[in-house]
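*Asks:* I have a structure I would like to understand better, so I am pasting it below and will then ask my questions one at a time.
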Amino acid sequence: MAITDIYEAMNSKVESFFEWAQAHPKYGLLFVAGLLALWLVGLLLRWEWACRWQFGGKLWMFDGCKPETHRRIQMVLVGVALTACLTMFFIWK
């Protein structure tokens, strides 16, 4: 089995996955909900990568807040986004 055979096999599997994903876009919401849930768990457990507050100055109104307040604001925003994703998934027909 040559490298090109391995490449072609991987390419066909990835292509079939993306075709399936395009045929079933509803399940993309579950993927996004999973990522948001992971982020929310990271915020709850105070993981460093999840608690970093870097939005490029777009949320300047929260710059004067303490880090704990930043974390709570992020938890609310991520929780709302997670709820919206799950609601859209279960309502989608």
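*Asks:* For the full complex of protein chains and a 1.4 angstrom probe, list K13, K93, K26 by accessible area with the highest value first.
*Replies:* So, going from the largest accessible area down, we get K93, K13, K26.
*Asks:* Another question about this same structure. Return, for the Cα atoms of region 25-91, the radius of gyration and Dmax in Å, separated by a comma.
*Replies:* My reading of the Cα-based Rg and Dmax gives 13.2, 40 Å.
*Asks:* Students often check this: by mean Cβ neighbours within 10 Å, which of 32-42, 65-75 ranks highest, and how do the rest follow?
*Replies:* In decreasing order of mean packing, 32-42, 65-75 become 32-42, 65-75.
The values are calculated or read from the model by the stated rules, or taken from the named source; none is laboratory data. The shown structure was predicted, so the numbers you read here are calculated from the model rather than taken from an experiment. Every residue, glycine as well, gets a Cβ built from its backbone with ideal geometry; the counts of neighbours run over all protein chains shown. Note: accessible area is taken over every heavy atom of the protein model, side chains too, but ligands, DNA and RNA are not part of it. Shrake-Rupley method; radii C 1.70, N 1.55, O 1.52, S 1.80 Å.
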